[in-house]
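The values are calculated or read from the model by the stated rules, or taken from the named source; none is laboratory data. Every value quoted in this text rests on a predicted model; they were computed, and no experiment measured them. Methodologically, a virtual Cβ is constructed for each residue, glycine included, from the backbone with ideal geometry; neighbour enumeration extends over all protein chains shown.
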Amino acid sequence: MEYRNDFLNYLDSDMSLKILMCLDDPADLVRVTCVSRSLRQSVIANGLCKKLCLRMFPQLSRVAFVVELDQQRAKELADIESSYSMEWLVLMREHRVYAYLGRALMSTVAMNCIAKTLGASSTDNDPQESIDNTLEPRDNINGTYSYWSSNGQSNPNVPETLTYGLVSQICVITEINIQPFQAHFQTGSPIYSAKSVRFKMGHPKAFLDSLDEEMCVWTYTSPEFPMSQENRLQKFKLPEPVLCIGGILQIELLGRVQRQEMDDLLYICVSHVQVLGGSLSPPFNVDILHPSGMFVLKRDQLANRQSVVTSGNEFQEILADQRGPRDIQQMMIMRRGNLVEIMEDEWDDEEYEIDDLDPEDAL
């Protein structure tokens, strides 16, 4: 600490990279960039924030490139970074976008992410038994039953699908909950559940006013989950959180178990559907590139500045556009041993050296 030397100077590049890749929190990688210029260059040049986001959410492998939407900020950065190569500018932009994205992915607030219904593979009596009824948590409203019903089938293996539009084109989904419908108005109060369920997420092949399943690209398909013949909200937690890019979720209802006495046909009925997760919009959005299915990841810097992220009693997000290149004391604030979480935009390399740091602030 007396000489304040950078430990990377004593390691070969492969070893230092292995050490940095052990970090599993984007905020930690951002903190590393505040310690020294060589550390900052190593994190950016190796795209560590991007690699960490890809480990967390493999769906990001379909990103073609990233865009920042704040034109005024982009002009300011261009003035500062005019001496840099185009390749380095691209790396710095990706570092900024993925650093913010990583923080957003780890701090989304749980909510019901369904925005609207898009359609059902079949409906027995429309609109009385429409998929729209599955948005209502109650199965009885003012004496009227509220549920979706499929058409009747003699073959128990005929599947059904329910398709929904999510609250934004980029959401993190963790759990889907489904409540089968129990027909108390029929003899024996039968429950019309499916044998099992499976979930798909994706986007349309092109902009459409109405959705046809064949016009969708499914970028994620879940394992199959067994479903109970019980009148309760059944919870299906995904093995890992999934990034839904394109804002479409489809529920596959597989296998029929309950016959209707009056026509001896098999039906599936659902009273309520819940999709739990979080939206990354408005700070982030996507444009799907047709027909490749790749997408552009867009970050709205203005939306980032307008949102204040807090953790605990005293933590606040500090944005780089609120400080100058040498405001190290603003970047690293110690409050009773607690380090403020910094989501870092870039500062001028030429004006930043490790010697500017006080050792206690840097570590």
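Table: residues versus (1) of a type in the set (S, T, Y); (2) more than 23 Å from L297 (Cα to Cα).
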{"residue": "I114", "(1), (2)": "no, no"}
{"residue": "N125", "(1), (2)": "no, yes"}
{"residue": "Q128", "(1), (2)": "no, yes"}
{"residue": "S150", "(1), (2)": "yes, yes"}
{"residue": "E160", "(1), (2)": "no, yes"}
{"residue": "Q182", "(1), (2)": "no, yes"}
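If you check P127, P159, P180 for being modelled with pLDDT of 95 or more, farther than 23 Å from C216 by Cα and out of contact with any His (no Cβ under 6 Å at 6 or more places or on another chain), only one passes: P180.
For the stretch 225-276, a residue qualifies if it is part of a loop (DSSP other than H, G, I, E, B), touching a Leu at 6+ places or on another chain (Cβ under 7 Å) and within 30 Å of V286 (Cβ to Cβ), and exactly one does: G247.
Reported count of residues in the stretch 148-207, each being within 17 Å of K116 (Cβ to Cβ), of a type in the set (A, V, I, L, M) and in contact with a Pro (Cβ under 9 Å, 6 or more places away or on another chain), is 1. Name the residue that is nearest to the chain's Cα centre (by Cα), counting only residues in the stretch 85-116 that are closer than 21 Å to R55 by Cβ and among the hydroxyl-bearing types (S, T, Y). Ranking the qualifying residues of the stretch 85-116, first place goes to T108. Only one of the numbered conditions (1) over 22 Å from M227 (Cβ atoms); (2) touching a strand residue (DSSP E or B) at 6+ places or on another chain (Cβ under 9 Å); (3) not charged (D, E, K, R) is violated by N142, and that is (2). The number of residues in the stretch 116-141 being more than 19 Å from G255 (Cα to Cα) and assigned to a loop (DSSP other than H, G, I, E, B) comes to 10.
Each residue in the stretch 57-94 was checked for being assigned to a strand (DSSP E or B) and modelled with pLDDT under 60, and 0 of them qualify. If the condition is being surrounded by 23 or more Cβ atoms within 10 Å (Cβ to Cβ) and outside any helix (DSSP H, G or I), then the stretch 95-115 contributes only C113. Of all residues in the stretch 259-272 being in contact with a Phe, Trp or Tyr (Cβ under 8 Å, 6 or more places away or on another chain) and crowded, with 20+ Cβ neighbours inside 10 Å, which is farthest from N177 (Cα to Cα)? Only one residue fits best here, namely Y267.
Within the stretch 142-165, being small (G, A, S) and either without any contact (Cβ under 8 Å) to a residue 60 or more places away in the chain or part of a loop (DSSP other than H, G, I, E, B) (or both) holds for G143, S146, S150, G152, S154. In the stretch 277-293, which residues are of a type outside the set (S, T, Y), part of a strand (DSSP E or B) and touching a residue at least 60 places away in the same chain (Cβ under 8 Å)? Correct list: G277, G278, F284, N285, V286, I288, L289.
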